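First the structure, in the form of structure tokens, and then the observations on it.
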Amino acid sequence: MINQSPTWPRNTQCAIALTFDLDAESVWIADDPANIDRPVALSQGRYGPRVAVPLILHMLQEMELPATFFVPGKVAEDHHETVQAIAEAGHELAVHGYTHVSPASLSPAEEEQSLIRARDVLRTFTDEVVGYRSPAWELSPHTLGLLKKLDFAYSSNMMDDLRPYQHPESSVIELPVHWALDDAAHFWFDADSWNKKIATPSEVREIWEGEFEGIYDLGGAFVLTLHPQVIGRPHRLRMLREFISFMDSHSGVWFATCAGIVEQARSSLA
């Protein structure tokens, strides 16, 4: 491990963050701008704000759980009512770029402008916008410096630990993630190549339960990365609810927003 362990709140063994990347149509447009003229392709993303987010918000309300939604600025502009509903439900909003274009393909000036523009859009919904997750978890050599310059509190992109840590010579806290805990890695279907099987919810739950139990035993932070257009299918949502209940059955678990976990980690890592 590259850091000392954060001290969680009293009687807490493991911190849990439920995070949702609300990409909507932006993934398909970023992958191929010509998709803007393909209504069926775009409809895959539109399912997220149109159907999945209301179902997810209902589930979170019933289970009395907080969540963090990483939203591209353009998506927040195009789906204003959906993002407003997220904010009004009390969930955290965090930056996911202005579009879903990788920062690795942008100049430093373009990347900085994307961060500023996206944060400005999200600040029309809530005053507190302090986190950043890159599209596809790709960073440029300039990203961390820009996050520091722009006073972001945290990044949730790296895969080199099981606990939050502070980046060297920076105030930015990293809240680590992993592909194993990303729904798209298991459920995504490539309609162009047809070369990947769609996993069953039971297969994915088995992976997530094993990862959770390992992170729980080590006192780490379990960060689940979900996409409304992916996890928001009825069978998968039922699995998600059951999996959350499984985690909640363990003593000493703390469900929190990314910002809440980072604030706690910062106080103990200082």
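The values are calculated or read from the model by the stated rules, or taken from the named source; none is laboratory data. It should be emphasised that the depicted structure is a prediction, and the values quoted were computed from it without experimental measurement. Please note: Cβ atoms are built from the backbone with ideal geometry, for glycine as well, and neighbour counts cover all protein chains shown.
Tallying residues that are farther than 20 Å from D120 by Cα and not hydrophobic (A, V, I, L, M, F, W, C) within the stretch 143-187 yields 18. Look at the stretch 215-237: where a residue is closer than 22 Å to T200 by Cα and a partner is hydroxyl-bearing (S, T, Y) and assigned to a helix (DSSP H, G or I), sitting 6+ places away or on another chain with Cβ atoms under 7 Å, you get Q229/Y47; G232/Y47.
The selection criterion, being more than 23 Å from V177 (Cα to Cα), buried (at least 17 other Cβ atoms within 10 Å of the Cβ) and either charged (D, E, K, R) or over 15 Å from the mean Cα position of the chain (by Cα) (or both), does not hold for T124.
Each residue in the stretch 145-169 was checked for being part of a loop (DSSP other than H, G, I, E, B) and not hydrophobic (A, V, I, L, M, F, W, C), and 10 of them qualify. On the stretch given as the stretch 168-180, residues that are within 21 Å of A265 (Cα to Cα), modelled with pLDDT of 95 or more and not charged (D, E, K, R) total 6. Filtering the stretch 60-87 to residues that are closer than 21 Å to I16 by Cβ, within 17 Å of the chain's Cα centre (by Cα) and assigned to a helix (DSSP H, G or I) leaves L60, I86. If the condition is being more than 19 Å from A67 (Cα to Cα) and either surrounded by 14 or more Cβ atoms within 10 Å (Cβ to Cβ) or in contact with a strand residue (DSSP E or B) (Cβ under 8 Å, 6 or more places away or on another chain) (or both), then the stretch 219-249 contributes only G219. In the stretch 183-230, what residues are hydroxyl-bearing (S, T, Y) and either out of contact with any helix residue (DSSP H, G or I) (no Cβ under 9 Å at 6 or more places or on another chain) or within 16 Å of Q13 (Cβ to Cβ) (or both)? Within the stretch 183-230, S193, Y216 meet the criteria. Screening the stretch 121-144 for residues that are assigned to a loop (DSSP other than H, G, I, E, B) and among the hydrophobic types (A, V, I, L, M, F, W, C) and picking the one that is farthest from A94 (Cα to Cα) gives L139.
All conditions in (1) surrounded by 14 or more Cβ atoms within 10 Å (Cβ to Cβ); (2) under 25 Å from H96 (Cβ atoms); (3) not charged (D, E, K, R) hold for W179, with the sole exception of (1).
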